[in-house]
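The values are calculated or read from the model by the stated rules, or taken from the named source; none is laboratory data. Note that the structure is predicted; figures quoted are calculated from it, not measured. Here Cβ is always computed from backbone atoms with ideal geometry, including for glycine, and neighbour counts include all displayed protein chains. For accessibility, only protein heavy atoms count, side chains too; no ligands or nucleic acids. Shrake-Rupley method; radii C 1.70, N 1.55, O 1.52, S 1.80 Å.
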There are 2 protein chains.
Amino acid sequence: MPGDYQISLSPDELPRKWYNIIPDLPEPLPPPIGEKQLAQLPKMMIKTCLGQEFSTERWIDIPDGVLELFERAGRPRPLFRAKALEKLLGTPAKMYYKGEFYSPTGSHKVNTALAQAYYAKQEGFERLTTETGAGQWGTALSYAASMVGLKCTVYWVRAVYRWKESRRNFMNLYGSEVFASPSPKTKVGKALFDKNPDHPGSLSIAISEGLEDAEGDPKAVYSLGSVLNHVIMHQSVIGLETQKQFEKAGDYPDVVISCLGGGSNFGGFAMPFMGDVLTKGKKIKFIAAQSQAAPNLQGEYKYDYADHGELTPQLKMYTLGHQTDFPPVKGDGLRYHGCSPIISLLRHLGYIDTVAYPKDEKYVFDAAEVFVRTEGFLPAPESAYSIAAAIDEANRCKQTGEKKVIAFNISGHGFMDMVGYDEVLHLTERTPIKEKVVAGG
Amino acid sequence: MPGDYQISLSPDELPRKWYNIIPDLPEPLPPPIGEKQLAQLPKMMIKTCLGQEFSTERWIDIPDGVLELFERAGRPRPLFRAKALEKLLGTPAKMYYKGEFYSPTGSHKVNTALAQAYYAKQEGFERLTTETGAGQWGTALSYAASMVGLKCTVYWVRAVYRWKESRRNFMNLYGSEVFASPSPKTKVGKALFDKNPDHPGSLSIAISEGLEDAEGDPKAVYSLGSVLNHVIMHQSVIGLETQKQFEKAGDYPDVVISCLGGGSNFGGFAMPFMGDVLTKGKKIKFIAAQSQAAPNLQGEYKYDYADHGELTPQLKMYTLGHQTDFPPVKGDGLRYHGCSPIISLLRHLGYIDTVAYPKDEKYVFDAAEVFVRTEGFLPAPESAYSIAAAIDEANRCKQTGEKKVIAFNISGHGFMDMVGYDEVLHLTERTPIKEKVVAGG
C-alpha cells in the first residue's frame, strides 16, 4: 500500500510555528550567569535570536521568509518506516526514521542556519561568523548565508578540518572563508596556534574564535549552531513535522531516540514529543545516544562556559568542563563538553535516558552498515549513534515481546564521510584486487 | 505561498505504469542485429527485461513490488522552481528542476536498478553483474541488489575507480564485489590487463567483462544501466512524475533539457514529454547536453556494438565507434560511444537538439557553482551539463524576452564528487590559510 514505507507531507503542511518548550518545563530553566558576558550578548548575537532565547511564549511564528527558505531546502522531509530493518532484526517493534539526510548540505543544521541567516540579513548584518566541529554546521551556515546573500566565515576544529577536504571545498563552493582552528586570525586562537601550529583544536576554542571575530566587526554577527534555547526551538520543526506524520500513519511513538552532542538534533526531534509528555500526559521513553569520547550527559550538572575562552555567559548544564580535550571520533558532532540547558534540566529531572557508545565506534558503524544494507540510505557518523540505540531498543523488544513504536532521527547523510566509514569498517580491504590509488587516474 | 518553490507528490501519486514510447515513434525502431549475439540474449538478460525490450505496449504495469521499492527509495521526488537562479540571471523564463539527487545512492540510476534487481530475484538469480563508468550505476545496482537480497559484482572503468575511493567504499558497504576494469577476472579484460595493468579502461570494455562473468555462471545475470529500451522505459517514472507536477503547478514546459551519455537520464526525463509531442500535438524543444569528450549524438547514425568485445548485438544508434578511447572527464557518466536507439532515432528525425560542452569542463562547473549558490543543492558533474544548458537557454530568453518554461533534471548529487569540483574550480586554493593535509588529523 502506498504510504506503508514513506509518510510524506506537502509544503502546505509545513509547521507555521516553532515550539518553545520553556513555558512547559516542569521547573523554571536556570538563567545564564556572568555579568560581563551577559552585557556583551546584545553585541554578540542576532537580536531576534536573543529575544527568542529568553521568550516564554509556547508558540513562535515562523516568518514567511523562513518558511520559504525551508521549502527551498526541501522541507518537509519524509518519515520512513524501517520494515526491512525490523524484519532483519526479527523484532516485534515498529521502527520509524525521519529523513533529515535530505538536507542540501547533509544535516538537520540547515533548519536553524536558515532562520539565523534570515534574521541577520533582516537586521542589516553583512557577514556571519561561526565555528564548526564535524563540519555539518559550518556547511549549513555557509549554505544559509549564500541563500540570503551574506558572507560567512567558519572556524573549523583543525583535527577535523584536515581530513574532511571535501566538506571544506563544499563550504568554499558556497563562498565561505574557512580557517583551521585554532587559527592565527584571533587572539584566542593565536595564543594556542603560536605554541602549536598543529593544535588539533576543539569546538569550544573555535566558538571563542568565531565570537572574537564578530566582536571586532560591526557588520558581522556570530551564529551558534547548537546548545542555545533558540536553536533548539528552530529545530523543533523536525519533531513537529514528525508528529503530523505519526498522525497520518495512525501511530504514536513509545520511544524517541536521537544522537546528542550539544543538543540541537536531539532537541529538535524530541522536544515536541516531550511537550506531549509534559502537557498531555503521554508516556514516552527518550534516549540520547552519545559517544564515550564526550558523554556530556554523564558529566556534572552545573554552571559552565559554552566556550574555551570564557566569552560566553555560563549556562546551567551537564558538562565535562569547557577546557577539556576530547579524543577525535568520526561522529565529531557529538564531541562537545556541554549539553543544551533545556535538555540538561530534563535529564536532571529524569525525563531523558542516555547511552554512550565506545569511542572506537565499531559498534555504531556496524549498526550503520546494517541500516545501509536494509534501508539503503547512508547515515552520517553521528546518525549511526541514533541507529545503534534504535537497534538496541528493537532488540530489547525482541526479548520482551513488546510491540513498541520506536522513532529515531537520521540527522544527516554520510556521503562525505566515507573516509570515516572506511577507517572504522576497513571497506577498502574488502576490495578483492588491490590497485594503486592515484588521483586523476 | 506554499508550493511556490517545491511541487511535491505523495507516495499514492507514484505512477503505476511505465511509459514505453516505442509504439508512438514516428518510424519503426530499427531492430538489433547480429545472429550469434541475438541468440545469446536469452542467456544474457533478465527474461522480463528482454520481453520489455521488444514490447510494443504503450503502458506497462509497474509491479507492486517495484512500487514498494520506489517508495522505500524516497520516490516520488520533488520538482523545484528555481526562482533564485531566475532572479540572478534576470531571465523572463521560468525554470523548474527535478530532484533526482534525493536518490539513496546519488542518481536516477536507482530507478532501473530496482526494477532489474526485482525481476532478477523473481527469476531465481542469485547474483547480478555489471559495469560502471562514473560509479553511479554500480552504486545504484549495489543498492538495489542489497534491497532485494542478491549479490552483485561490479566492473569499474579503472580511470574512475582510482580516484573515486569513497564511491567504491560505498559499493563495498552495500556488500558488492568491485573490480577495476580491465581486470584479470575475465578473458576480455585479461587480454588488455596483461598488456597494461594500468589500462584506464572504458565503459564498453567493462560491459564486456560484466557480460562474460555472467555468461560463465548460471546463477548470475547481467544488468545494463543505460542505452536499452527497457532501461529508458523504467526511467520514464521520472518524466511521468514531472508531468503530474507540472499539472499541479498549472504550467507546462516549452523546453526540456537533460544531460546525455547512454541516454537513461535524458530518456527517462524527456520521453513522457516526447510522447505528448508525438501524440498530443504539443510543441517542446528538447536539448541533450553532452561533453565534447564523447559527443555521441554528433557521431554517425549506424549499426554498432554496445561493448568493446562485441558480445552484444549491434544497435542502430548514433555512435563514435565501440572501440574508441575517450579522454577522462569528471562527468564520466557522459563518456560513452553510443546513444540509446530510441533517442538516436528521434535525434535522426530532428526531434532533439544537442549541445556539447568543452572537455576541460570549466564552463559546466561554473554553471554548477552558480546553481549551488542560488538553489543550494549540490549537483553531480553530469548534472552540471544540464544546468549549463538550462542557463544558456534562460539567457537566450533574456535576449529575446521570451517567457519560456524550462524543465531540467538534476540527475544526481555531487557529494561524492568534490574532488572533481576541486580539480576544475580550484576550491582548495580559495582556503585562506594553507594547512598540511593529513588523514586522521
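Data overview
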item: The protein assembly as shown: C-alpha gyration tensor shape, a/c 1.5 cut-off, then a/b vs b/c; result: prolate
item: Dimensionless Rg ratio for segment A:158-275, taking C-alpha atoms and the 2.2 N^0.38 Å reference; result: 1.38
item: Exercise: per-residue mean of other protein chain Cβ atoms within 10 Å, A:95-102; result: 1
item: Virtual paramagnetic centre 7 Å along Cα→Cβ of residue A:12, amide N under 19 Å, in segment A:239-283; result: A:241, A:244-245, A:248
item: Aspartates and glutamates with Cα under 13 Å of residue A:283, excluding same-chain neighbours fewer than 8 positions away; result: A:254
item: Pairs beyond 25 Å (Cα-Cα), from B:164/B:316; A:164/A:285; A:244/A:285; B:121/B:190; A:404/B:17; result: B:164/B:316; A:164/A:285; B:121/B:190; A:404/B:17
item: Efficiency of FRET from Cβ geometry, residue A:366 and residue A:123, R₀ 51 Å, rounded to 0.05; result: 0.65
item: Of the trypsin sites (Lys or Arg not before Pro) in segment A:202-309, those whose Cβ has at most 15 other Cβ within 10 Å and which sit in DSSP loop; result: A:219, A:282, A:283
item: Global form of segment A:284-427, assessed from the alpha-carbon gyration tensor, a/c cut-off 1.5; result: oblate
item: Using a 7 Å Cα-to-Cβ projection, residue B:426 label spacings across copies, nm, ascending; result: 4.2
item: Magnitude of the charge dipole, the protein assembly as shown, Cβ model with Lys/Arg +1 and Asp/Glu -1, debye to 20; result: 340
item: Overall form of segment B:115-198 per C-alpha gyration tensor (a/c, 1.5; a/b vs b/c); result: oblate
item: Interface residues, segment B:1-42 - accessible area loss of 30 Å² or more versus chain alone, probe 1.4 Å; result: B:2, B:5, B:6, B:8, B:11
item: Accessible surface buried once A binds B (1.4 Å probe; total of both sides; Å²); result: 6600
item: Residue list for segment B:356-391, given a label point 7 angstrom along the Cα-to-Cβ vector of residue B:426 and an amide N cut-off under 17 Å; result: B:360-367, B:369
item: Test item: Cα-centred dipole of segment A:310-395, Lys/Arg +1 and Asp/Glu -1 on Cβ, debye; result: 220
item: Percent carbon-and-sulfur accessible area, the protein assembly as shown, ignoring ligands, DNA and RNA, probe 1.4 Å; result: 51
item: Taking segment A:131-178 and dividing mean pair separation by its residue count, relative contact order in percent (alpha carbons under 8 Å, at least six apart); result: 46
item: Residue among B:160, B:25, B:331 farthest towards the positive dipole end of chain B, charges placed on Cβ; result: B:331
item: Partner chain coverage, peptide A:142-150 - average Cβ within 10 angstrom; result: 2
item: Kirkwood Rh in Å, taken over segment B:67-210 so that all alpha-carbon pairs contribute; result: 16.5
item: Total charge dipole magnitude, segment B:25-156, about the Cα centre, Cβ charges on Lys, Arg, Asp, Glu only, Debye to nearest 20; result: 540
item: Residue list for segment B:304-327, given a label point 7 angstrom along the Cα-to-Cβ vector of residue B:27 and an amide N cut-off under 13 Å; result: B:316-318
item: Average beta-carbon neighbours from other chains, 10 Å sphere, peptide B:64-75; result: 4
item: Accessible area of segment A:72-148 divided out per residue, in Å², using a probe of 1.4 angstrom; result: 19
item: Across the identical copies, how the residue A:395 labels are spaced - nm, sorted shortest first, 7 Å along Cα→Cβ; result: 5.7
item: Cα convex hull volume per residue for chain B (Å³); result: 146
item: Shortest-first distances to equivalent copies, position residue A:328, nm, label 7 Å out along Cβ; result: 2.6
item: Per DSSP, loop trypsin sites (Lys or Arg not before Pro) in segment A:324-366 with at most 10 further Cβ within 10 Å; result: none
item: Burial ranking of peptide ranges A:141-149, A:26-34, A:66-74, B:15-23 (average Cβ count within 10 Å, highest at the top); result: A:141-149, A:66-74, B:15-23, A:26-34
